[in-house]
Structure formats: C-alpha cells, structure tokens
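Engineer: Have a look at this one.
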Amino acid sequence: MQMKKVLELLNSEPSLIEMNVKGWVRSFRSNRFIALNDGSTINNLQCVVDFENFDEELLKRVTVGAAISVSGTLVESQGQGQNVELQVSKLEILGDADTEDVKLTILSPKRHTLEKLREQAHLRIRTNTFGAVMRVRSVLSFAIHDYFRQKGFFHVHTPIITGSDAEGAGEMFRVSTLDLHNPPKNEDGSINFKEDFFGKETNLTVSGQLEAETYAMGLGQVYTFGPTFRAENSNTSRHLAEFWMIEPEVAFNDLAANMDLAEDFIKYVVKYVMDHCKEDMAFLEQRQQQEDKTKPEAERSPMPLLEKLQFILENNFKRVSYTEAIDILKASKPNKKKQFKYLIEEWGADLQSEHERFLVEKHFKCPVILFDYPAKIKAFYMRLNEDKQTVRAMDILFPGIGEIVGGSQREERYDVLKQKIADMGIDEKELWWYLETRKFGTCIHSGFGLGFERLVLFVTGMTNVRDVIPYPRTPLNAEF
Ligand code: 4AD
Ligand code: MG
C-alpha cells in the first residue's frame, strides 16, 4: 500500500492503485463525505464513504478532530472545489475525539477569536489560520538559510547562555543553579556567584551579535539564527520575551553595504514565500480581509496582503538620516496638534513606535531605513561618526510593524570602543575578548538583526506576534 500525504493526492491524477492516507477529520457530512486534513496543505482531501459498506458503530466514531486512516482509490470528483477525491474502501479510527469534549475546545467547528485560540495554543495548529501561518513560518526559515548559503555566508551557532550583555541594556534572564532561598554569600552580603554553575554570573543571550562579530573576523561573512531572550516588560503586539533573530555580520562592509544586504535579503525571502506558499498566502489574504471588516476604517490594512508584498519587492527602501526624520516629525501635523503621545521637541529624542509608523505609513508610504542616530540612544558597539554625536546605526521600519531590523557598522577602533564602553558604564572586563578582536587585524565591519516574528507578522498579515510563534513567551505568560 502506498502511503501518501493529502498534498500529494490532491496533485495526483485518478488511479486504480490503492493509496493510504492518515490525518484528522475536519468535518463529516451526510454520513458520507469526510474532509481530511493532515497538515501538508491548507486544503482538505474529500474522502467518500459508502455508508452501506461500513459498520454504523465505526462511522459514529468519525467525528471532528478524530485521527483516522483511510485507504482507497483516487477518483475524479463529482463535487465542486476539488479535482479528485478518495473513494474509501478501508477506514480505521486511530484516535477518537469525543464530540462533547470537542465542543468545549477551539476544535469545534465555528469561528473562534485569536485570543481564544491563544488559550489553547496546543490545539490551534489544527485550524486553517495556524496551519497556514506555521507553514509560511517554516518556509521563511528555509528561505533565510537558502539566501545566505547562496551568498557564501556561513551559519554559526552562537551561545544561548552567555556571561555578557550584548545590548548593554540590562534586560536579561539570569541563568543560575544556586539555591534561591539560601544562596552562598560574600562577606559583604552580596551573592557569591563564584559558587554558581559557571563560577560567574550568566544569563540567556539577548543577541548573538558579539560572538558573530568575532566569527566574521575569521570566516568573513556569517549569520546566526537563534532564539534570543529579553526580560523587558513590554506588553505589546510586537514584543516577545523569547524571539528568534537572524543576525548576519560581514567583514569589510560599511553601513551602505549593510543596508544593501538587508534590503536584498528581505526582498529575497518575501519573494520566496510568494512563490512557494501560494495557497496559504491566498488564504491569509482572505482571512485578513475578513478580519478587516470587523475593524474601524483607520485600523484596516491599506492594501490586500499580496499587493502589499509585491509593493515591497518593487520599491526601493527610502534611506533617511535620523536628523532629517526629526525635522519631518517636528513639522508634522500630529506633532503640532499634539496627537503624538510623545511629542518630538528636539534632536536627540528616541523615536517611539508612533513616530516610526508615521514616517512609514503617512509620510513616505514605503519601507524606510533610518540611519546615523544619536550615539546617546544606541548601543555601545556602534561606530562613532566624525561629528562625535551620531553613530552609524540603521533601523529598518516597515508599514504596520515599525522597526523590523536594527543594525549598524561596528566600532572597529580599539581606543574609541574602549572609551564608549567606559562612557556607558559597562564593565570592560566582561568584554575583554570582544575588545581584543580590535587589536589583532581589526577592520570595518557591519551587521544587523532581523526579528523573525516581526517578519512572519508582516508576511502573513497577522497583527500580533503571539500568533506567529507556536508558544509565545510574554510577561506573566509561560503556559505550555
Ligand atoms: O534592535 P535590536 O535590539 O538589535 C540587536 O539585538 C542587534 N544586536 C542586532 C544586530 O545588529 N546584530 O533587535 C533587532 C531586531 C529588532 O529590529 C526587532 O525586529 C527584533 O529584533 N526584536 C524583537 N522582536 C520581538 N520581540 C522583542 N522583544 C524584540 N526585540 C527586538
Ligand atoms: Mg532596535
């Protein structure tokens, strides 16, 4: 017997050869038509049972959610919506799903809110929406590796547990095996981390960048793609405490080359999904349009999903300096009319998501790369410009998302870096190895970090990062 996936069968011609397929029941109509889904595609396989030939007790167990195995031949479909269907000769229940129990879950066949689905994150992958989102997420992840391999990058696995704070922002989760109730103490009463597992303080990484930089100094061009952790108390639709980040790092690239790389990379992976996920993307576009109907005009997506993605492919990202952006924001209507929550009064202000979105969605109406930010609001490792006020930073801002990429040219000058580390009050001893790369064959180099969930959000048209990662980790939430 040939074992098949629904996807393969739906793309096959009718045949007299018996096939077997296993999956979960999505619906069972007229005691005759089973809609079977096995996750391989958004589409269901219609399986036709002649109830006269099957035991009534067996058919009663074909319920929504049940796992079944069916065998039969593929025949031309009489009904609408599919070319072929399976004429079932053998039916086996692999796992029952009690109808009364199913009614209490999101598996019950009716519309459930995304909030409700989040509460049952272990079951939501059985819905069309999550099937589509997670297949697209998987294809995007493949496209990312594909892009960098083609460009001659090497994938490096940077550590998850680290002794340093790569962003210098102190938003870290501690890793420790010390007894919380009775930790060993130093004479001054502070905790003695020399007795901890690693003999020092450690935390979950906030970014693989620093280690990636050291590898770019040997392999030339590298990227990491791993989980990163931030203990920032941000309860927004864009922030997770655990998220995945893609971080390329390239020796001899300046900031302009870094922008070119980021733009080319994003366009490649977006196009890849458009080419390889047609059915899921068509479904997601429809889903977004339906959801938009329930929203006030101002919150609706200005373009259908696929048109929006096509627009990204066809247009250059607009490159604008921070200083220009501040001038635009200062003179903007929402600033003058005091509609921004944080008014832009002077150069040096940190940009909030409302400002980023104004620039992208209202002013430029296309993706924007902001560069040359004030040194004061950016991390220690960014290269100081000749004006001594700004650094060679770049953020890419996307419509509906805000910041999707953060990156920079790195400070490659030993003395300047040492000074910046001191100025920001970071203990130089923690970063001795990072500083040392500036002593042995230092060179200009650049890189960036792309938040994977924000990319998935953009590509799928979903609106909350909690709905594009299987099990979201956010403040006060680590269920599952
Ligand atoms: O701007 P960030 O903090 O930059 C860095 O971590 C650099 N070390 C990257 C580099 O240059 N190699 O983060 C980069 C991106 C952001 O633009 C955003 O897309 C995403 O990571 N990001 C988050 N995504 C989800 N939840 C959070 N809490 C995020 N914080 C950042
Ligand atoms: Mg950033």
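The values are calculated or read from the model by the stated rules, or taken from the named source; none is laboratory data. It should be emphasised that the depicted structure is a prediction, and the values quoted were computed from it without experimental measurement. Cβ sites come from the backbone with ideal geometry, for glycine too, and all protein chains shown count toward neighbours. Accessible surface is based on the protein model in full, side chains and every heavy atom, while ligands, DNA and RNA are left aside. Shrake-Rupley method; radii C 1.70, N 1.55, O 1.52, S 1.80 Å.
Engineer: Leaving out ligands and nucleic acids, note down the accessible area per residue over segment 360-480 with a 1.4 angstrom probe, in whole Å².
Structural biologist: That works out to 40 Å² per residue.
Engineer: Same structure again: So what are the ³J(HN,Hα) numbers for segment 156-162, from phi and the Karplus equation (6.51, -1.76, 1.60; θ = phi - 60°), rounded to whole Hz, Gly and Pro as x?
Structural biologist: 10, 9, 8, x, 8, 9, 9
Engineer: Mind running the shape call on segment 354-465? Use the C-alpha gyration tensor, a ≥ b ≥ c as the square roots of the eigenvalues: rounded below 1.5 for a/c, prolate if a/b tops b/c, oblate otherwise.
Structural biologist: Prolate, because a/c is 1.5 or more and a/b exceeds b/c.
Engineer: Right, here's the next one. Students often forget the sequence filter, so: which lysines lie under 22 Å Cα-Cα from residue 200 once same-chain residues fewer than 8 apart are removed?
Structural biologist: Within reach: 185, 429.
Engineer: Given the Cα-Cα distance of residue 101 and residue 414 and 0.36 nm per residue of separation, how much length would full extension add, in nm? Walk me through the numbers on the way to the answer.
Structural biologist: Values: separation 313, 0.36 × 313 = 112.68 nm, distance 6.47 nm.
Working it through step by step, the gained length comes to 106.2 nm.
Engineer: For segment 23-40, just list the computed ³J(HN,Hα) in residue order, Karplus coefficients 6.51, -1.76 and 1.60, θ = phi - 60°, integers in Hz, with x standing in for Gly and Pro.
Structural biologist: Rounded to whole hertz, the list is x, 10, 6, 9, 7, 9, 10, 6, 6, 9, 10, 9, 8, 10, 10, 10, x, 6.
Engineer: State the number of lysine pairs found in segment 1-158 whose Cα atoms come within less than 19 Å, restricting to pairs 8 or more positions apart or on distinct chains.
Structural biologist: 9
Engineer: Please work out whether segment 38-148 counts as rounded, prolate or oblate from its C-alpha gyration tensor, where a ≥ b ≥ c are the square roots of the eigenvalues and a/c under 1.5 means rounded, while otherwise a/b larger than b/c means prolate and anything else oblate?
Structural biologist: The shape class here is oblate.
Engineer: Going 7 Å from the Cα of residue 11 in the Cα-to-Cβ direction, what parts of segment 126-145 have a backbone nitrogen less than 18 Å from that spot?
Structural biologist: 132, 135-140, 142-143
Engineer: Still on this structure, I have one more. Give me the dipole magnitude in Debye, nearest 20, for the chain about the Cα centre, with unit charges on the beta carbon: positive for Lys and Arg, negative for Asp and Glu.
Structural biologist: With Lys and Arg at +1 and Asp and Glu at -1, about 1060 debye.
Engineer: What is the set of long-range amide H partners of residue 403 at a cut-off below 5 Å, with H atoms built 1.01 Å from backbone N?
Structural biologist: Sorted by chain and number, the residues that satisfy this are 398.
Engineer: Where a ≥ b ≥ c are the square roots of the eigenvalues of the C-alpha gyration tensor, would you call the chain rounded, which needs a/c under 1.5, or, failing that, prolate if a/b is larger than b/c, or oblate?
Structural biologist: Prolate is the answer for the chain, as a/c is 1.5 or above and a/b outweighs b/c.
Engineer: Please list the non-local residues whose amide H lies under 5 Å from the amide H of residue 390, H modeled 1.01 Å from N, same-chain partners needing a gap of 5 or more.
Structural biologist: Close amide H contacts, sequence-distant or interchain: 375, 385.
Engineer: May I pose another question? Roll a 1.4 angstrom probe over the protein heavy atoms and tell me the percent of accessible area of the chain that is carbon or sulfur.
Structural biologist: Answer for the chain: carbon and sulfur cover 51 percent of the accessible area.
Engineer: Now for a different question. Would you mind pulling out the separation of the Cα centroids of segment 362-389 and segment 410-480, in Å?
Structural biologist: Cα centroid to Cα centroid, the span is 15 Å.
Engineer: Using a 1.4 Å probe, how large is the accessible area of residue 347, given in Å² and rounded to the nearest 10?
Structural biologist: Counting only protein heavy atoms, residue 347 exposes about 100 Å² to solvent.
Engineer: Let me ask something else. Work out the length of the dipole vector of segment 1-137 about its Cα centre, built from +1 on the beta-carbon of each Lys and Arg and -1 on the beta-carbon of each Asp and Glu, and round it to the nearest 20 debye.
Structural biologist: Result for segment 1-137 is approximately 800 debye, rounded to the nearest 20.
Engineer: Still on this structure, I have one more. What is the distance, in nm, between label points placed 7 Å from the Cα along the Cα-to-Cβ direction at residue 337 and at residue 432?
Structural biologist: Those two pseudo-labels are separated by 5.9 nm.
Engineer: Amide H of residue 245: which non-local residues (sequence gap of 5 or more, or other chain) have their own amide H closer than 5 Å, using H built in the peptide plane?
Structural biologist: The list, which skips near neighbours in sequence, is 226, 228, 452.
Engineer: Given the options 349, 246, 259, identify the residue whose Cα lies farthest towards the positive end of the charge dipole of segment 224-365 (+1 on Cβ of Lys, Arg; -1 on Cβ of Asp, Glu).
Structural biologist: 349
Engineer: Counting other C-beta atoms within 10 Å, and keeping those with at most 14, which DSSP coil chymotrypsin sites (Phe, Trp or Tyr not before Pro) do you find in segment 228-309?
Structural biologist: Those satisfying the criteria are 252.
Engineer: Find, among the trypsin sites (Lys or Arg not before Pro) in segment 176-242, those assigned to loop by DSSP (not H, G, I, E, B) with at most 11 other beta-carbon atoms within 10 angstrom.
Structural biologist: Filter output for segment 176-242: 200.
Engineer: Taking Cα atoms, how many degrees apart are the long axis of helix 414-423 and the longest axis of the chain, rounded to 10 and kept between 0 and 90?
Structural biologist: Here the helix axis deviates by roughly 80 degrees.
Engineer: Farthest toward the dipole's positive end in segment 364-480, which of 456, 422, 443, given Cβ charges of +1 (Lys, Arg) and -1 (Asp, Glu) about the Cα centre?
Structural biologist: Of the listed residues, the answer is 443.
Engineer: Still on this model: ³J(HN,Hα) across segment 117-124 via Karplus (A = 6.51, B = -1.76, C = 1.60, θ = phi - 60°), whole Hz, x for Gly/Pro?
Structural biologist: Residue by residue, segment 117-124 yields 4, 4, 5, 10, 4, 6, 10, 5 Hz.
Engineer: How big is the charge dipole of segment 284-419 about its Cα centre, in debye rounded to the nearest 20, if each Lys and Arg gets +1 on its Cβ and each Asp and Glu gets -1 on its Cβ?
Structural biologist: Roughly 240 debye, rounded to the nearest 20.
Engineer: Within segment 276-297, which residues have the backbone N less than 18 Å from the label spot 7 Å out from residue 77 along Cα→beta-carbon, could you tell me?
Structural biologist: 278-284, by backbone N distance to the label point.
Engineer: Loop-only check: which trypsin sites (Lys or Arg not before Pro) in segment 339-378 are DSSP coil with at most 11 other Cβ within 10 angstrom?
Structural biologist: 341
Engineer: On average, how much accessible surface per residue is there in segment 10-135, in Å², for a 1.4 Å probe, leaving out ligands, DNA and RNA?
Structural biologist: Numbers: 6680 Å² over 126 residues.
Per residue, segment 10-135 has an accessible area of 53 Å².
Engineer: Right, next: Okay, helix-only estimate at 222 nm for the chain: each DSSP H run of n ≥ 4 adds -39500 (n - 2.57), divide by all residues, round to 500 deg cm²/dmol; what do you get?
Structural biologist: That calculation yields -9000 deg cm²/dmol at 222 nm.
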